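Chemist: Structure incoming, see below.
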Amino acid sequence: MENFQYTGINKLGKRVSGVMPANNEQELEQKLRNNGVDLLTAKQKTKGFSFSSANKISRKDIISVTFQIEQLMRAGVPLMEILDDLKDSFESDAVKQMLASIYESMEGGNTFSSSLKEYEKDFGEVYISLVSVGEQTGNLEDILLDLANMLKWEDELVSKAKKVMIYPAIVAIVVISVVILMMLFVVPELLGFITSMGGELGFATTSLIWTSDFIQTYILELIITPFIFVFILKWWRKQSPEFRVKSDEKALKIPIIGEVLYKLKLARVANSLAVMYSSGVSFPEALRMASVTAGNKYLEGNILRSVDMIEQGKPIFESFEEADVFPSMAVRMVKVGELSGGMDTALKNVSYFYDREAKELIEKIEPTIEPLLTVIMGFIVGWIMIAVLGPIYDTIAQVQL
């Protein structure tokens, strides 16, 4: 089945356009006619790289779709009518195509959850599994609300994690770029003037000359090497599951950033587990699906080991402790929940606790980043000034003597 870019006229006589999957133009025309659109032009979309995000389904799109379906279903609108209306209310062609495809699948006799499987990459295994539970229990509206809130919360977590990493990375890149430009264009001119004066050069000046010569000689290698390193790292992670586990474990031990990521991932796992367990999914199965939401193979492996222990009859809190799933504080909270019969509440408390811990750590880190980078930049500028002005000062002093 291919994707077709089409234009047509709807029931109100307005010109509409979008993207829809079909085997050929005849099938596309029939699908559009069923939706009240007369086809004008159709062009098969070519698969290729695009810098535009218009053809991507974002997390915010999934959140919006979920909230709207839940609210309209709670108002008594049939699901098929909701999908039929929603597919014309989004500007994104990718979302229109997704909703149209789900509508077509359900019109062909499939359930909502099975229709979502075509877009499992966008919705995720947890989302589709919970929708299936909601269909079976007749509690789909409540589960959709829980899913929407969970996705919204996860989106906030991702934003905070990116905020910790992106800002320092951007500032570091700017600092490094400025230093490289100075070493390539500014410093050689100054050093040429200094060396022509003669006299003995100090350590600061000698090291500056060496650094400038090194950067000028190996500038291409310095630019290309980081990209090659990242490419090799990604390739190795794909080829070697053992290396991926080890690298994910090391990532959680990176100073400061690793601690933030670790707490955010624990909060995400606990929240997903609480939502699934409270929706009626068995605890081992919910835990197995929640392991995927960690986005870390090291944590996922630990969680799956705890699943095996639970299925063998061990208490949940002991399994978590032996498999090193959660720290001792969280294990104690889970133990209380297990013994009191309030496991879903305990898991939500764990999620809240680590979410708050991560946010507090981020708030402590952010104010220190800018002064630290300013000090580093000041050190580099000071080094260059001493290296350049030192010999000039010495020469002037000798002339005065």
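Chemist: What aspartates and glutamates does Lys250 reach when the alpha-carbon gap must be under 18 Å and sequence neighbours fewer than 8 apart in one chain are set aside?
Modeler: Glu242, Glu259, Glu300, Asp324
Chemist: In Å, what is the Rg of the alpha-carbon atoms in the stretch 146-284, and how long is Dmax?
Modeler: Cα-based Rg and Dmax for the stretch 146-284 come out at 24.1, 83 Å.
Chemist: Hey, another quick one. Using 1/(1 + (r/R0)^6) with R0 = 56 angstrom and r between the beta carbons of Asn139 and Thr368, what's the FRET efficiency to the nearest 0.05? Walk me through the numbers before you get to the answer.
Modeler: Numbers: r = 47 Å, r/R0 = 0.83.
Given R0 = 56 Å and the Cβ-Cβ separation, E is 0.75.
Chemist: Moving on to the next point. Take the alpha-carbon centre of the stretch 211-272, take the same for the stretch 126-168, and report the distance between them in whole Å.
Modeler: 27 Å
Chemist: To continue, here is another question. Work out the FRET efficiency for Leu222 and Glu118 from their Cβ-Cβ distance, taking R0 = 60 Å, and round it to the nearest 0.05. Don't jump to the answer; show the numbers that get you there.
Modeler: On the way: r = 45 Å, r/R0 = 0.75.
E(calc), rounded to 0.05, equals 0.85.
Chemist: Sort Glu338, Glu81 by Cβ crowding within 10 Å, fewest neighbours at the top.
Modeler: Details: Glu338 17, Glu81 11.
Least to most surrounded, the residues fall as Glu81, Glu338.
Chemist: Going by average Cβ neighbours within 10 Å, how do the peptides 289-299, 7-17 rank, with the highest at the top?
Modeler: Working: 289-299: 20.4, 7-17: 12.4.
My ranking of the peptides, most packed first, is 289-299, 7-17.
Chemist: Given the peptides 173-182, 224-233, arrange them by the average over their residues of other C-beta atoms within 10 Å, most packed first.
Modeler: My ranking of the peptides, most packed first, is 173-182, 224-233.
Chemist: Please state, to two decimals, what the Cα-based radius of gyration of the stretch 2-44 comes to when divided by 2.2 N^0.38 Å (N = residues). Walk me through the numbers before you get to the answer.
Modeler: Working: Rg = 9.2 Å, N = 43, 2.2 N^0.38 = 9.2 Å.
Expressed relative to 2.2 N^0.38 Å, the Cα Rg reads 1.00.
Chemist: At a Förster distance of 60 Å, what's the computed FRET efficiency of Thr195 paired with Ile254, Cβ-Cβ distance as r, to 0.05?
Modeler: Numbers: r = 42 Å, r/R0 = 0.70.
Efficiency, from the Cβ-Cβ distance: 0.90.
Chemist: When all alpha-carbon pairs of the stretch 84-233 are counted, what percent fall beyond 18 Å?
Modeler: Roughly 76 percent, rounded to a whole number.
Chemist: Could you tell me which of Ser278, Leu361, Asn34 has its Cα farthest along the dipole of the chain towards the positive end, charges placed at Cβ (Lys, Arg +1; Asp, Glu -1), taken about the Cα centre?
Modeler: Leu361
Chemist: Same structure again: What is the distance, in nm, between label points placed 7 Å from the Cα along the Cα-to-Cβ direction at Glu322 and at Leu184?
Modeler: If labels sit at Glu322 and Leu184, their model points lie 5.9 nm apart.
Chemist: Quick check: pseudo-label points 7 Å beyond the Cα along Cα→Cβ at Asn23 and Ile9, how many nm apart are they?
Modeler: Reported label-point gap for Asn23 and Ile9 is 3.0 nm.
Chemist: Oh, and also: About the Cα centre of the chain, what is the dipole size in debye to 20, counting +1 per Lys and Arg Cβ and -1 per Asp and Glu Cβ, all else neutral? List each step's numbers first, then the result.
Modeler: Details: 40 positive and 51 negative charges, 76 e Å.
Computed charge dipole of the chain: roughly 360 debye.
Chemist: In bins 10 Å wide, starting from 0, what share of all Cα pairs of the chain does each bin hold, as a percent?
Modeler: Histogram of Cα-Cα distances, whole percents per bin: 4, 16, 20, 19, 16, 12, 7, 4, 1, 0.
Chemist: Hey, another quick one. Among Glu27, Glu120, Glu135, which one moves the most in a GNM of the chain with springs linking Cα atoms closer than 10 Å?
Modeler: Fluctuation is largest for Glu27.
Chemist: May I pose another question? Please give, to one decimal in nm, the separation of the simple spin-label points placed at Ala75 and Gln30, each 7 Å out from Cα toward the Cβ.
Modeler: 3.4 nm
Chemist: Got the relative contact order for the stretch 150-401 handy, in percent, Cα pairs under 8 Å and 6 or more residues apart?
Modeler: Details: 198 pairs, mean separation 67.3, N = 252.
So the answer I get is 27 percent.
Chemist: Pick from Ile257, Ile69, Ile209 the residue whose mean-square fluctuation is largest in a GNM of the chain, springs joining Cα atoms under 10 Å.
Modeler: Residue with maximal mean-square fluctuation among Ile257, Ile69, Ile209: Ile209.
Chemist: Rounded to whole Å and sorted largest first, list the principal axis extents of the Cα atoms in the stretch 304-392.
Modeler: 79, 23, 15
Chemist: Additional query: With viscosity set to 1.567 mPa s at 4 °C, what whole-number translational diffusion coefficient in µm²/s follows for the stretch 59-149 from Stokes-Einstein and a Kirkwood radius over Cα pairs? Kindly include the intermediate steps, with their values, before the conclusion.
Modeler: Values: Rh = 13.0 Å.
D, rounded to a whole number, is 100 µm²/s.
Chemist: Under a straight-distance cross-link criterion of Cα-Cα below 18 Å, which lysines are reachable from Lys160, leaving out those fewer than 8 residues away in the same chain?
Modeler: Candidates past the 8-residue exclusion: Lys60, Lys152, Lys263, Lys265, Lys359, Lys364.
No value in this document is a laboratory result; all are computed from the given coordinates. Only a predicted model underlies this, so the values are computations on that prediction, with no experimental measurement involved. Because the Cβ atoms are built from the backbone with ideal geometry, glycine has one as well, and the counts that use them run over all protein chains shown.
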